[in-house]
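Q: Please see the structure below; I have some questions.
The values are calculated or read from the model by the stated rules, or taken from the named source; none is laboratory data. In this text, all values refer to a predicted model and were calculated from it rather than measured experimentally. Cβ placement follows ideal geometry from the backbone for every residue including glycine, while neighbour counts extend to all protein chains displayed. Surface accessibility is based on the protein's heavy atoms, side chains included, excluding ligands, DNA and RNA. Shrake-Rupley method; radii C 1.70, N 1.55, O 1.52, S 1.80 Å.
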Amino acid sequence: MTGVLLFQPVCCQPSFAYIIVTLPPFRTAMSAKYRELTGLNLPAFEAEIAKQWSENHTFEKSIAIREGAKPFVFYEGPPSANGMPGIHHVISRTLKDLVCRYKTMKGFKVNRKGGWDTHGLPIELGVEKELGITKEDIGKKISVEEYNQKCREAVLRYKDKWDDITKKMGYWVDLNDPYITFKNEYIETLWWLLSELYKKGLLYESVSIQPYSPAAGTGLSSHELNQPGTYKDVKDTSAVAMFRAVNNEKSKFLFDAANNEELFFMAWTTTPWTLPSNLGLTVGANIDYVLVKTVNPYLHNTIHVVLAKALLGKYFKAENENSDFAAYKNDGKNLPYAILTECKGSAIEGCEYEQLLPFQANSLESIQGLTPDAKPFRVMVDSFVTTEDGTGIVHTAPDFGADDFKVGQKYNLGFFTGINEYGKLDKLVLVDREGKFVDGLGEFSGRYVKNYKDDPNYIDVNVDISVKLKKENRAFKVEKYEHNYPHCWRTDKPILYYPLDAWFIKTTAIKDRMVELNKTINWKPQSTGEGRFGNWLENMVDWNLSRSRYWGTPLPIWRTEDGEEEVCIGSIEELNAGIRKASEVLGGDVNKHYLHEGILDLHKPYVDDIILVSPGGKPMKRVPDLIDVWFDSGAMPYAQWHFPFENKETFKESFPADFIAEGVDQTRGWFYTLHAIACLVFDSVAYKTVVSNGLVLDKNGNKMSKRLGNVVDPFYTINKYGADATRWYLITNASPWDNLKFSWEKPEDKPEYSPGIEEVQRKFFGTLYNTYQFFALYANVDGFAFKEAYIPVAQRPEIDRWILSSLSTVVKKANAFMDDYEPTQAGRVIEDFVDEHLSNWYVRLCRRRFWKGDYEQDKICAYQTLYECLETVCRLIAPVSPFFSDFIFQNLNAVTNRFDAVSVHHVHYPGTASAESPAVAGYDAIDEALEERMQLAQDASSLILSLRKKVNIKVRQPLQKVLIPVLGSGMKEQLQKVEDLVKAEVNIKEVEYLEADNTFIRKKIKPNFVALGKRLGAKMKAVSAGLAAFTQEDIALLEKEGQYNLPVEGEPVILQLSDVDITSEDIPGWMVAGKGSLTVALDVTITPELEAEGNAREFVNRVQKIRKDTGFELTDRIEVKVAATDGLKASLAQYKDYICAEILADTLEFVPEIPQGSAEGIQGIDINDVSLNVIVSKKG
RNA sequence: UGGCCUGUAGCUCAAUGGUAAGAGCCGUUGCCUUAUACGCAACAGGUUAACAGUUCGAAUCUGUUCGGGCCAACCA
């Protein structure tokens, strides 16, 4: 022991999280001993390492020591600190951290500037809730100034918690000098970017159709629309309206077919109140339409209508086709109909029709007064039309639908909305902002389009419109229709889509370039980039930048009242110059508060106070909009450095990023805005590689939410299991981009726990801990400190060369996987190595080498080999498991000083060109044949153990021999080299090989499908059947000749040995087991000789247990008295020397009997069902 | 509603289109251990969500359906 004090818990069920630990200073002067541990207590180790990191500035140094090296650029996506960190933050930050640590170890310089996202709706809504106010109260009950001050205070409310989790989880990021989006410098860069866009003509104001709540009198953000419960099933009056076609050149073919009688286009709507605003009809280019002669089901007159062929069945019964019109009973049922002609939608594009509901307010003059040259009332073609519902012809009202607006613009249908004298757009819509019809719409003027006021006497205007249409021969079908419709989350009233002003970035102008540049980005997983993101880019619309809120980045555009002149401000300096100039030109009190020091805060309400002056000498006020917070975060590559006002060089070095990572939910958020701004302003990608990780779900696959109470607290998890076990679990359990079902159990009366993390802790960290502990124990006994010269690998024993070969293979794979951003695969490979190869084969088989014999060549080989494995594993796992790896690494390095480094995070990753470790540097220790034959040895051992189990013979009982048939060339040589290992492991005296040409074994033959399949194709089945019919003689012939002619359908097929798999099936008269091409047969006869040796080994085992239970030191010599009789006595006597050597006994004395209580330390033992007493005492 | 992802043992995950679909966890039974947290062996557990297709051969490729997730939402 080296002075470590670890107090074990007093309670009977130890929980490592609560062990109180007091540890001495870490690197006590050149200690000669490896620190021996008293338990795997990850949280305690981590606390110790964390303390050391902060004292030694280990993180800062890890960057400083790479000064001058090639940079690896990483961008931190800013979290919002107004909420608590969750377990999903831990996974994405682990991902970021491990890549950055890996790249650092690979020799790059990796700066990690932290940041905070501080604007946005969630913060405002949080403050509103806290103050008990709504948006309408801002500026009334509370001033904008106070409100924004509250927001500013709220944004970093949980910063302490975030800092805490950052530290505890071991996320290395620079939080001393983070970028903060609400700071003036940050906003100034945003303004600069916006002004660049403005100069390029990519920033413009336009109308957009947005969700609007007439009841609340406000537009709604998509965020608000996505609140749970906003979409409700409601019943509305729907109408199929008939639009009377105009007979002209385009429509002539229809009129010809209709005998020049009047004909109608039929269109369905669930919102009849939009019909007065109708400006067009939209059809699908490739949809088939028919002209039908039928009757009006309400007025019973004969009519001609056009609709989609696929939807005929919705309105007509097939048996009434071509039925007698005279037989129609004027009851609206069994409408007779006849198809007169048929055409594609593209054929009726451009047809004109008469306005359905003409009034004064929606007259053509009115429309053209607002939108000159508009050509409304036409049939258009667009891809959004389907034949799922309605008639296949879509009523199009550009004011009240985004699709309608888009297609209307494309065809210049016109618009009821124009810019009025105040530069506002809302006055002339046929429905006002309260949700009622404007004047000039006849009997409908002044009526609410929906019941927004909870008026019990409300009469549905949709019904009245429908009735009017029925009477005028303009309705074909009117009915109640149930559908899913969005509602305002605040008032519960239906929303409507309404034209509102907004500022846009014309991303569509560079769509092709964005698509092109996206193809150069390495997406993990690829499908997110090609599918989700790629499709999103293909279907991109202009970026709506406007937000009508208070706490955010103001849009820096000032405009004169008449809208004639405007400026876009690109810097604080420019604004301050404008402030002074306006004051001079306009005089009076203009900007008087800002003249002295200039503007101090770029937020509302201050920016809104400022009046600028236009070139024409008119006052200009700022437009009221704030910008989308996504612009804030998308601009971080520039704004984090206050580019271009400062840090031009730094920026140049750190753009674009080599790597970013966030959750897949950011695809259309941060990933998009980063890409868009970089493409728009710099014609570049913003990042070269992006990893989008999946969500963390609860164990039932549900999203974690506070509402469901299924969130996993990352603090609890990390405190209980340690960050390393948590990180390792998160990374290795599933690929980062798959959703992770977090294993979590909440038993009734026990603390909650995670079986998944516990397994990782036990299996991986437990094994590694044990391996280190084993090494430290014996290395301390022997004083191994890697002082001897490095023994060339070629001169070491087979098993050492094997584990070093395996290690090199793992190093190679880990590098490849890490380079490919596949940490899950890297972790799994390392995990397998530690568990299966290092611990359960190498150490297991080599144990004796560490405690037997003198300190000479073989022992030093063993120590050097095991040391190198441990050291290399620490370096391999350092990115994922930063604490424990550093802990073990330092414990090792403190004795050997092989690395001149205070932390594993300062050394190079194994396999890096300049690696210090000779054995793995160039992977030249890799010996595939060696790894292959060791696999054979492991398989053979496992087979023999299973045979022993079958006949119930313990491993301690030696057996005489196994028989192994060898097939093919080289197998015998391979096996012979590992024969001794197998014999020792399974306690067998000899191995006998059966050569291939023996006639003793029954063999089985099977086609090698991989080799034969491609060559034979369809003949495969016949060959397969042919081989199944092979006799033992056929197989022997093939083996002897090396080939075989098997005719199939008259044609010869030459089979080579490599075309088939031959395995031994059975050896008559032996216990046999097999796996693949390996078969073993075991001789289970126990001769008296073997039995005696078995007894001796049994006895050794019992005494060793006594030594351990009694608490003797490993090196204590002992004296043993045993009361053995007859056969047992003979066995023990025969192997006396062997026994004494094994148990470090100086004397082994046989006595007739040891009565209970006759002396100290009497122990009863049991050897092969014989009971006897022994006395084991320490000598001296 | 659309786009993308996903569905393999009770649970978590594997399986270059190649023929008994494998591990680990959980349960039961033995065993090994001078490494108290490892493991070994055995038992148990599967119509690879369903259906159809392509192929000599499909968990894997294609289509349809169903379930789960994310994102985007306006479907007339």
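Q: Hey, can you list the DSSP H helices of chain A whose Cα span along the axis is 18 Å or longer and whose average Kyte-Doolittle score is at least 0.0?
A: The qualifying helices are A:572-586, A:766-782, A:798-819, A:857-877, A:882-896.
Q: Could you tell me which GluC sites (Glu not before Pro) in region A:760-838 are loop residues by DSSP with no more than 16 other beta carbons within 10 angstrom of their beta carbon?
A: Here the GluC sites (Glu not before Pro) that fit, given the DSSP loop and packing criteria, are A:Glu788.
Q: Relative contact order for region A:1002-1066: what percent, with Cα pairs under 8 Å and sequence separation of 6 or more?
A: Numbers: 72 pairs, mean separation 32.7, N = 65.
Reported relative contact order: 50 percent.
Q: Further, regarding this structure: Output wanted: per-residue J couplings in Hz (rounded whole) for region A:367-372, from phi through Karplus 6.51 cos²θ - 1.76 cosθ + 1.60, θ = phi - 60°, x for Gly and Pro.
A: 5, 6, x, 8, 10, x
Q: For region A:755-933, take N as its residue count and report Rg(C-alpha) divided by 2.2 N^0.38 Å.
A: Details: Rg = 15.3 Å, N = 179, 2.2 N^0.38 = 15.8 Å.
Relative to the rule-of-thumb radius for its length, region A:755-933 sits at 0.97.
Q: With a 1.4 Å probe and all protein chains left in place, how much of the accessible area of chain A comes from carbon and sulfur atoms, in whole percent?
A: For chain A, the apolar C and S fraction of the accessible surface comes to 49 percent.
Q: Which of A:Ile87, A:Val173, A:Ile287 sits closest to the plus end of the dipole of chain A, meaning its Cα is farthest towards the positive end, when Lys and Arg get +1 and Asp and Glu get -1 on the C-beta?
A: The one lying farthest along the dipole's positive direction is A:Ile87.
Q: A further question on this structure: To the nearest 20 debye, what is the magnitude of the charge dipole of region A:58-121 about its Cα centre, counting +1 on the Cβ of each Lys and Arg and -1 on the Cβ of each Asp and Glu? Intermediate values should be presented prior to the final figure.
A: Numbers: 11 positive and 5 negative charges, 76 e Å.
Dipole magnitude for region A:58-121 comes out near 360 debye.
Q: Grab the Cα-Cα distance for A:Lys1075 and A:Lys1006, subtract it from 0.36 nm times how many residues apart they are, and report the gain in nm with one decimal.
A: In short, 23.4 nm is gained.
Q: While we're here: What three numbers, in Å, describe the spread of the alpha carbons of region A:174-323 along their principal axes, ordered from the longest?
A: Principal-axis extents of region A:174-323 (Cα, largest first): 84, 40, 30 Å.
Q: Give the separation of the Cα centroids, region A:797-818 to region A:537-596, in Å.
A: About 63 Å separates the Cα centre of region A:797-818 from the one of region A:537-596.
Q: Here's a follow-up. Binned at 5 Å from 0, what are the whole-percent values of the Cα-Cα distance distribution for region A:1088-1178, short to long?
A: P(r) over region A:1088-1178, rounded to whole percents: 3, 14, 29, 28, 18, 7, 2, 0.
Q: For the pairs A:Lys141/A:Lys604; A:Lys232/A:Lys493; A:Lys103/A:Lys812; A:Lys1108/A:Lys1136; A:Lys581/A:Lys621, note any where the Cα-Cα span goes beyond 19 Å.
A: Those over the limit are A:Lys1108/A:Lys1136.
Q: Restricting to DSSP loop positions (anything but H, G, I, E, B) with no more than 15 other Cβ atoms inside 10 Å of their own Cβ, which GluC sites (Glu not before Pro) remain in region A:843-898?
A: A:Glu856
Q: Still on this structure, I have one more. Take the Cα pairs of region A:476-572, get the Kirkwood Rh, then feed it into Stokes-Einstein at 37 °C and 0.692 mPa s and tell me D in µm²/s.
A: Result for D is 178 µm²/s.
Q: Report the label-to-label distance for A:Asp601 and A:Lys453 in nanometres (one decimal), using points 7 Å from each Cα along the Cα→Cβ vector.
A: That separation, rounded to one decimal, is 4.1 nm.
Q: Can you work out the FRET efficiency for the pair A:Glu1089 and A:Asp820, with r the C-beta to C-beta distance and R0 = 51 Å, to the nearest 0.05?
A: Between A:Glu1089 and A:Asp820 the formula returns 0.35.
Q: Which of the three applies to region A:1002-1066, rounded, prolate or oblate, going by the alpha-carbon gyration tensor with a ≥ b ≥ c and a/c under 1.5 meaning rounded?
A: prolate
Q: Okay, next question. Given the options A:Gln1134, A:Val1100, A:Ser1158, identify the residue whose Cα lies farthest towards the positive end of the charge dipole of region A:1064-1180 (+1 on Cβ of Lys, Arg; -1 on Cβ of Asp, Glu).
A: Result: A:Ser1158, furthest along the dipole toward the positive end.
Q: Let me ask something else about it. Dipole of chain A (Lys/Arg Cβ +1, Asp/Glu Cβ -1, origin at the Cα centre): which of A:Ser527, A:Val478, A:Ile1086 lies farthest to the positive side?
A: A:Ile1086
Q: Starting from 0 in steps of 10 Å, tell me what percent of the Cα-Cα pairs of chain A lands in each bin.
A: That works out to 2, 7, 12, 14, 14, 13, 11, 10, 8, 5, 3, 1, 0, in percent per bin.
Q: Before anything else, pin down the relative contact order of chain A: Cα pairs under 8 Å, at least 6 apart, normalised by residue count, whole percent.
A: Numbers: 2054 pairs, mean separation 128.5, N = 1180.
Across chain A, relative contact order equals 11 percent.
Q: With the other protein chains left in place, how much accessible area per residue, in square angstrom, belongs to region A:1088-1178 at a 1.4 angstrom probe?
A: 54
Q: For region A:1088-1178, with only Lys/Arg (+1) and Asp/Glu (-1) charged at the beta-carbon, what is the dipole magnitude about the Cα centre, in debye rounded to 20?
A: Here region A:1088-1178 has a charge dipole of around 240 debye.
Q: For A:Lys1108 and A:Thr491 in one chain, what is 0.36 nm times their gap in residues minus the Cα-Cα distance, to one decimal in nm?
A: 214.6 nm
Q: A:His593 label point, 7 Å along Cα→Cβ, cut-off 18 Å on backbone N: hits in region A:149-177?
A: Output list for this probe position: A:149-152.
Q: A further question follows. Taking a cut-off of 16 Å between Cα atoms, list the aspartates and glutamates near A:Lys989, but don't count ones fewer than 8 places away on the same chain.
A: Within the straight-line limit of under 16 Å, A:Lys989 reaches these aspartates and glutamates: A:Glu979, A:Asp980, A:Asp1083, A:Glu1089, A:Glu1091, A:Glu1093.
Q: Taking the alpha-carbon centroid of each part, what is the distance from region A:1017-1050 to region A:181-224 in angstrom?
A: Cα centroid to Cα centroid, the span is 75 Å.
Q: Just in region A:288-343: which trypsin sites (Lys or Arg not before Pro) are loop by DSSP and have at most 12 other Cβ atoms within 10 Å?
A: Qualifying residues, ordered by number: A:Lys329, A:Lys333.
Q: Something else now. With viscosity set to 1.306 mPa s at 10 °C, what whole-number translational diffusion coefficient in µm²/s follows for region A:1026-1149 from Stokes-Einstein and a Kirkwood radius over Cα pairs? Could the numbers behind the result be given before it?
A: Working: Rh = 19.8 Å.
It comes out at roughly 80 µm²/s.
Q: What is the distance in Å between the Cα centres of region A:105-125 and region A:840-889?
A: Cα centres, region A:105-125 to region A:840-889: 39 Å.
Q: Counting Lys and Arg as +1 and Asp and Glu as -1, each charge on the Cβ, what is the dipole of chain A about the Cα centre in debye, to the nearest 20?
A: About 820 debye.
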